[in-house]
Amino acid sequence: MFLFLRIERLGEHLGSLKVLIDNYQRNDPKFIAAALAWLTAAEKVMSELRLPEGSEMSSLRSRILRVPDAATGDEARARSAVRRAQNVAANESLERAEVVLRQIVVDAEQRLERFEEKLAEGMTDAIVAGAIPPRQAVWMDWLRQVWQCLVQFQETRALTTYLAASLSGPDRLFILDRVLARLSDKGNAPPPA
């Protein structure tokens, strides 16, 4: 699945985690249900992204749900003790899930950044040689046109072959967009037509 989608979708999901942690610290009675729902949603997103680590979210949910079964004797009668233990299990499960999701995001970002730097070097050569067409009104059309120019430009042909073999089409356009935006901010990209 596309690396940029991993970054966006998992990043969004991680963004909603702060509210849950705040609820845990406030001892919100809905914390456990919210944690279970968050883990379920994380598993769904990871499944859609075809990430095998998503199965761990199910294990983390099970850990929370098994807490009442582990209670024995007086503890089983004391609902508050079970609730506290379940809160702790939910918090620990969320911490583990955060580590798993953040690692996937960091790995995807690092991979894209490595390719982005290589592309930035090639873009600089292409811009200096005048091989990049003027900017168009529709940014995505321009991105595709720039990519085609890079494929045809002798000095960047090997780079585009390497990127095409290493990244999906949408990921290539994603890093090309970032490179062109960065160059535009510095005033180095071609001006609009």
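Any read-out appearing in this document is the output of simple, stated calculations on the displayed coordinates, not a laboratory observation. Quantities reported herein were computed from a predicted structural model and do not represent experimental measurements. Quick reminder, even Gly has a Cβ in these numbers, built from the backbone with ideal geometry, and neighbours come from all protein chains shown.
Could you work out the relative contact order of the chain? I mean the mean sequence separation of Cα pairs under 8 Å and 6+ apart, divided by the number of residues, in percent.
RCO, the chain: 23 percent.
Between Arg84 and Ala70, what length comes free when the chain is fully extended (0.36 nm per residue of separation minus the Cα-Cα distance, one decimal in nm)?
3.7 nm
Just to be sure I understand the rule: take each whole DSSP H helix in the chain, project its Cα atoms onto its long axis, keep it if the span is 27 Å or more and its mean Kyte-Doolittle hydropathy is at least -0.5. Which ones pass?
Qualifying helices: 79-128.
Rounded to the nearest 20 Debye, what is the dipole magnitude of the stretch 3-109 about its Cα centre when Lys and Arg each give +1 and Asp and Glu each give -1 at the C-beta?
It comes to approximately 380 debye.
Hey, got a sec? Which trypsin sites (Lys or Arg not before Pro) in the stretch 26-129 land in a DSSP loop and have at most 15 other Cβ atoms within 10 Å?
Arg26, Lys30, Arg50
Just want the ordering: Thr40, Thr160, from fewest to most Cβ atoms lying within 10 Å of their own Cβ.
Going from least to most buried by this count: Thr40, Thr160.
Based on Cβ point charges of +1 for Lys and Arg and -1 for Asp and Glu, what charge dipole magnitude is obtained for the chain about its Cα centre, in debye rounded to the nearest 20?
Dipole magnitude for the chain comes out near 440 debye.
Let's test the formula: R0 of 45 Å, r as the Cβ-Cβ distance of Val99 and Gln145. What FRET efficiency results, to the nearest 0.05?
According to the calculation, E is roughly 0.65.
Given a cut-off of under 8 Å on Cα pairs at least six residues apart, what relative contact order in percent is computed for the stretch 118-159?
Answer for the stretch 118-159 is 51 percent.
Farthest toward the dipole's positive end in the chain, which of Ala97, Leu51, Leu3, given Cβ charges of +1 (Lys, Arg) and -1 (Asp, Glu) about the Cα centre?
Farthest towards the positive end: Ala97.
For Arg135, what residues show an amide H to amide H distance below 5 Å, using hydrogens built from the backbone and excluding near sequence neighbours?
HN-HN under 5 Å from Arg135: Ala193.
What shape does the stretch 22-162 take by its C-alpha gyration tensor, where a ≥ b ≥ c are the square roots of the eigenvalues and a/c under 1.5 counts as rounded, a/b above b/c as prolate, and the rest as oblate?
prolate
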